[in-house]
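The values are calculated or read from the model by the stated rules, or taken from the named source; none is laboratory data. Just so you know, these numbers come straight off a predicted model, no measurement behind them. Please note: Cβ atoms are built from the backbone with ideal geometry, for glycine as well, and neighbour counts cover all protein chains shown.
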Amino acid sequence: MLSPATEAELSEAVAGATGPLRVTGGGTRPLGRPIAGEVLSVAGLTGVVLYDPGALTIVVRAGTPLDEVEALLASEGQRLPFEPMDHRRLLGTAGTPTIGGVVAGNVSGPRRIQAGACRDCLIGVRFVDGSGTVVKNGGRVMKNVTGYDLVKLMAGSWGTLGVLSEVAFKVLPAPAAAACLRIEGLSDPQAVEAMATALGSPFEVTGAAHLPGEVPLTVLRLEGFAASVAYRAGRLAEVLAAFGAVRVEDDAGQVAEDWRRVRDVEGFADRPGDIWRVSVKPSDGPAIGKRSGGEVMYDWGGGLIWALVPEGTDLRARLGEFAGHATLIRASQETRARIAPFQPEAAPVAALAAGLRAKFDPRGILNPGLMG
């Protein structure tokens, strides 16, 4: 295994590679096609390069554990806006999530509906491309590629365009208080309608999910200053009363724990079956969820469906054509080899993606085949 401790060593490792490299950080998110190759771990590239709380900016090396970044931000009353998910319970993995892995997967949680995704909060990257050259979006660097939005390209590229060495974010203040509104017993269409009503209100909802169970539960989150949260919770409960009895939980610690479970899809952890993640228009969510034939959970107001289906199920074949995309998150290596884990791209997009990979990884050595 290659374990560089500096960006220079990372550059040398990639430049000197004679075959495929399997790029990894904390090893907590083994998504995509199974790939062969020498392991290249960036877990040794750790440390905070710059943190300016006043400017709401942090720059950190890619192998830094996510919990260290979040603890540092919390010490200044700040947080990553996009609430990155922890996949370990759902996938049954160990290890420590790294900030570079979060960026590589564009990992975003329930707050995406209000704060945007990881890529929306990412303001800069440094990485080593497939030739071993250090690349940065601007500045005095060994190589500067103009004409590309490198930040957007690297977020969600899963190490197939380059190996991240450093990432920079805009951060936000952490809220002083939080509340969660709960409505029991709604059907999926009723829940999506209730969530749309809440998200369309002026009360600044930062989380909207619908959870399966013997008694389905629809949950809505509010955050901010205590007086504001209390006022908005009361007003929103009045608006949602038409959908059923509304209970308000205002203990911030309990609200945080409840939404961590939503974020990490813990309702499907430790249960047999494959896990798919389906992104659709919220209004299409209930119909798509029903067509999945599995047990489903909705986040992002119905726009994100988590589906638990029998092992080996080709969910895309079951769903047929739909406006959205489906990603296989948890399955055996055999299933991930047989069924494309990532949504196949339309021909024009696939051609663009192939051109980008040829530009940034001309030898085809970085996680080859992972997304194909």
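A few comments on the model shown:
- Put simply, of R33, R22 the only residue that is part of a strand (DSSP E or B) and among the basic types (K, R) is R22.
- Total residues in region 43-60, condition touching a strand residue (DSSP E or B) at 6+ places or on another chain (Cβ under 6 Å) and under 22 Å from A17 (Cα atoms): 1
- Of the residues in region 235-258, at least one is buried (at least 21 other Cβ atoms within 10 Å of the Cβ), out of contact with any helix residue (DSSP H, G or I) (no Cβ under 8 Å at 6 or more places or on another chain), closer than 30 Å to P30 by Cβ and in the same structural domain as L181 (by TED's automatic domain parsing).
- Residue in region 265-291 that is nearest to the chain's Cα centre (by Cα), counting only those that are assigned to a helix (DSSP H, G or I) and buried (at least 21 other Cβ atoms within 10 Å of the Cβ): F268
- Tabulated pairs, region 231-245, first in contact (Cβ under 8 Å) with a residue 40 or more places away in the chain, second assigned to a helix (DSSP H, G or I), C-beta under 7 angstrom, 6+ apart or interchain: L236/A198; V239/T197; L240/A194; L240/T197; L240/A198; F243/Q190; F243/A194
- For region 317-367, filtering for residues that are part of a loop (DSSP other than H, G, I, E, B) and over 22 Å from L91 (Cβ atoms) leaves 12.
- Unique match (being farther than 21 Å from S131 by Cβ, aliphatic (A, V, I, L, M) and surrounded by fewer than 18 Cβ atoms within 10 Å (Cβ to Cβ)) among A155, A174, A168: A174
- For region 33-42, the condition of being over 25 Å from A337 (Cβ atoms) and out of contact with any helix residue (DSSP H, G or I) (no Cβ under 8 Å at 6 or more places or on another chain) holds for none of the residues.
- In region 75-92, the residues that are assigned to a helix (DSSP H, G or I) and either more than 16 Å from D52 (Cβ to Cβ) or within 15 Å of the chain's Cα centre (by Cα) (or both): R88, R89, L90, L91
- The set of residues in region 120-133 being at pLDDT 95 or above and surrounded by fewer than 23 Cβ atoms within 10 Å (Cβ to Cβ) consists of D129, S131, G132, T133.
- Considering region 178-210, the residues that are assigned to a strand (DSSP E or B), more than 17 Å from E83 (Cβ to Cβ) and not basic (K, R) include one that is nearest to the chain's Cα centre (by Cα), namely H210.
- Criterion applied to G95, G44, G77 was being at pLDDT below 95 and surrounded by fewer than 21 Cβ atoms within 10 Å (Cβ to Cβ), and the one residue passing it is G95.
- When residues in region 220-235 are screened for being within 16 Å of W259 (Cβ to Cβ) and in a helix (DSSP H, G or I), 2 of them pass.
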